[in-house]
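Following: one structure in structure tokens, then a few remarks.
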Amino acid sequence: MPETPSEQPTSADDIVTAALVEVRGLLVAHEYDRAGVAELLGEDALQALEEQDPSAARRALRPALFPQLNGNLTEAWVPLLPRAVLIALFLIRVPVSAGHLRAALGADTLNRLRDAGLIAEATAEEIRAATGASSAVTDAPPGAARTSPAGTAETAAEVSPGSPDMEASPATAGAGADGASETEEHFVGAFRIVPEVLPAAVRSALSAVAPAGNADGPPAWEAPAPAGPHDLLIASDWDTGTRPGRLPADHVLGVGRATRTLAEITEREPVGTLLDLGTGCGYHALLATWHAEQVIGTDVSDRALRFARWNLLLNEGRLPHTRIEFREGSMFDPLDGPVDQIVSNPPFVITPRGTGRAVYEYRDAGRTGDEIVAAILRGAGARLTPGGTAQLLANWEYRDEQRTSRRPGETSAAEPDERPARQPEQEAGDERTQDAAPALAMLAQAEVPTHGLIVEREVLSPLRYAQTWIRDAGEERGSASWQRALDDWLDDFAARGVTGIGLGWVLLQRPDEEAERAVHRAERVTTPAPQDGTLGVQLAARLRAGIWLEGMSQDELMGLRLRVADDVTDERHFWPGRGEPSALLLRQGGGIGATVPSDTALSGLVGASDGELTVGQLATALAGLLDVDARDLSDQLDGQVRRLIALGLLRLER
């Protein structure tokens, strides 16, 4: 029934809201979810689209969007035309003729979407590109074999304007390549709407629990059975794959690899209030509704917050609750009190200052170097309640004086008296940066003592870092503007003495007691992250195990009964013809897949750790077998065992 005048929206915001609600209904009605999109595009094309290449997806929809000149359309496509039109408008940015829109969605819907600004008139260049690319598939004679959505050949059925199968076919005499009049308007979506499958970390009922029988022990993790799939609808600006040219400065990012990574490292224990710092399109704020009673999303970009509010509207009925408040402001300014958890993918990208280069709001906070990360690490703990946690992505700059001979993967220590694991001798010339040393230095300046675990995933050279972010902005490789940007970046790094940029994850926890000593640890982990939804729980367990171990004396450690994790293997390497191994490694099969250099004593202790004997008893027995001093061996094993507990290779017996 048409709306009465009193029921029609009046203000611009009301018009947009009403149109978004209508779009939401259309997307649901026509199965605009990942499975429905894959049905029309195919898995390969959908995967390519997720990698910012829409070419195969556009090709897959040509039979529906650009039917033969005489109006032939396969019967299989007729009921799927509305979904194909929605995908063209809001997922792959293909111009859709007004005739197709009226036929698929209705004339009134077309008018409302246009009036609200949710669709815009396509440019002549966009129309030519779309129709020109489709000419090869529109010249087939009547009755020729066509490809159906399922990828099988079938004979085209005649669908005329009066056909009961299609109320108003856009195919007419004298039509263009898409079956519409050459002078007819064509439309594209003003932004994209992507169906995002709920991350495994949210779908799983993850929980970090202390080992049974010892509430004081370090947390362990268990992977629960995953729940079924669930999609969110996420609106954002078009990316560089679907929108040619450089991005505008106020670009609002959708869900990419970094966004998904933050979703996986986020701890999802129930909390009261969660802050999504730098919320962007609001994706993490939406995810937080599954474990936080109240969510606050903040951003300096009014445009980003508009998308965030739209996404809340698009996902009403899909979320556990809608108690999300989006606030405009910088850093922690919008907060009026402490929160229980902070998650953030902040605008940490290092950009040369004073060059007139565009400041992309979604990635650049307008500060020099890594100052935005330093500011967050300094201030996050003070905005958390006691016991509150934070998870964020970050990068940090290395300079020459921060280089050392530590090996990748060796735990770094912020405290001078922390006992590191004993490692093999350094190979000549194998000079590496100390694991996340700049981030540890930032954390040491925190406003209140805050526990921290820094996981460094990679270190990029200034050149590689610059290339990554110049490409991200849509600059054409080899162009004059690319060269100018590269020069600006490298000049800036050279002037400030930057020799490398570390990228990784930061986990924080405010101590329960103000007098509690803060524990800072860093690891370099380059192995692929698990995809089973357990990463956030595993990282939280690592952080808390490190805190738990900090106050433990060697005598207390030697009194523990430990059990080796089920996924640990002892790997030995031999030179041909030699009986003794040249290298021993303890390898974690699950989790992040930690690999720890070992020796005969450590491998022997791990192999015998079945929960029956204490660490001290095992050390004494090993000392007798190896004919070494028992006290010296205990001193050696102390740091090694602490590390294995922190990494999850050894666990407290339940």
Can we say Val252 is under 19 Å from Arg318 (Cα atoms) and at pLDDT 80 or above?
no
If only one of Glu410, Glu476, Glu447, Glu458 is under 26 Å from Gly536 (Cβ atoms), in the same structural domain as Val339 (by TED's automatic domain parsing) and modelled with pLDDT under 75, which one is it?
Glu410
Here the qualifying pairs (Cβ atoms under 8 Å; residues six or more apart or on different chains; first in the stretch 442-464 and without any contact (Cβ under 8 Å) to a residue 12 or more places away in the chain; second surrounded by fewer than 16 Cβ atoms within 10 Å (Cβ to Cβ) and part of a helix (DSSP H, G or I)) come out as none
Restrict the check to the stretch 434-441 and report whether at least one residue is over 28 Å from the mean Cα position of the chain (by Cα) and modelled with pLDDT under 95.
no
For the stretch 348-358, indicate whether the set of residues that are farther than 21 Å from Ala263 by Cα, at pLDDT below 70 and charged (D, E, K, R) is non-empty.
yes
Can you work out which of the residues in the stretch 514-540 that are modelled with pLDDT under 90 and among the β-branched types (Val, Ile, Thr) is nearest to the chain's Cα centre (by Cα)?
Thr534
Modelled with pLDDT of 95 or more, under 21 Å from Leu198 (Cβ atoms) and over 20 Å from the mean Cα position of the chain (by Cα) - does that describe any residue in the stretch 282-297?
yes
Quick check on Arg268: is it farther than 30 Å from Glu125 by Cβ, among the basic types (Lys, Arg) and buried (at least 23 other Cβ atoms within 10 Å of the Cβ)?
yes
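Any residue that is in contact (Cβ under 8 Å) with a residue 60 or more places away in the chain, under 29 Å from Arg457 (Cβ atoms), outside any strand (DSSP E or B) and of a type in the set (D, E, K, R) - is there at least one of those in the stretch 639-647? Reasoning before the result, please.
If we filter the stretch 639-647 for residues that are in contact (Cβ under 8 Å) with a residue 60 or more places away in the chain, which is where we start, we get 639-643, 645-647.
Now narrow it down to the ones that are under 29 Å from Arg457 (Cβ atoms): 639-643, 645-647.
Among the residues that remain, those that are also outside any strand (DSSP E or B) are: 639-643, 645-647.
Now restrict to residues that are of a type in the set (D, E, K, R): 642-643.
Yes, that holds for at least one residue.
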Looking only at the stretch 483-492, decide whether some residue is without any contact (Cβ under 8 Å) to a residue 60 or more places away in the chain, over 21 Å from Leu392 (Cβ atoms) and aromatic (Phe, Trp, Tyr).
no
Scanning the stretch 508-541 for residues that are of a type in the set (D, E, K, R), out of contact with any helix residue (DSSP H, G or I) (no Cβ under 6 Å at 6 or more places or on another chain) and under 19 Å from Gly381 (Cβ atoms) gives Asp512, Glu513, Glu514, Glu516, Arg517
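Select from the stretch 309-334 the residues that are of a type in the set (A, V, I, L, M) and touching a strand residue (DSSP E or B) at 6+ places or on another chain (Cβ under 7 Å) and write down the one among them that is farthest from Asn395 (Cα to Cα). Break it down into steps so the answer makes sense when it comes.
Of the stretch 309-334, the ones of a type in the set (A, V, I, L, M) are 312-314, 319, 324, 331.
So of that shortlist, the ones also touching a strand residue (DSSP E or B) at 6+ places or on another chain (Cβ under 7 Å) come out as 312, 314, 324.
Numbers: Leu312: 30, Leu314: 33, Ile324: 28 Å.
Across the stretch 309-334, the extreme among qualifying residues is Leu314.
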Take the conditions crowded, with 23+ Cβ neighbours inside 10 Å and either outside any helix (DSSP H, G or I) or at positive phi (or both) and apply them to Arg477. Does it pass?
no
Residue list for the stretch 494-553, filter: part of a helix (DSSP H, G or I) and of a type in the set (Phe, Trp, Tyr)
Trp548
Given (1) surrounded by fewer than 20 Cβ atoms within 10 Å (Cβ to Cβ); (2) closer than 30 Å to Leu384 by Cβ, number of the condition Arg572 does not satisfy
(2)
Residue list for the stretch 455-471, restricted to those being surrounded by fewer than 17 Cβ atoms within 10 Å (Cβ to Cβ) and either in a helix (DSSP H, G or I) or among the hydrophobic types (A, V, I, L, M, F, W, C) (or both)
Leu460, Leu463, Arg464, Thr468, Arg471
Out of Arg572, Arg578, Arg587, report the one residue that is farther than 30 Å from Thr526 by Cα and either at pLDDT below 95 or touching a strand residue (DSSP E or B) at 6+ places or on another chain (Cβ under 7 Å) (or both).
Arg578
Report the residue count in the stretch 445-458 for those that are touching a strand residue (DSSP E or B) at 6+ places or on another chain (Cβ under 7 Å) and of a type outside the set (Ser, Thr, Tyr).
8
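The values are calculated or read from the model by the stated rules, or taken from the named source; none is laboratory data. It should be emphasised that the depicted structure is a prediction, and the values quoted were computed from it without experimental measurement. Virtual Cβ from ideal backbone geometry, glycine too; neighbours counted across all protein chains shown.
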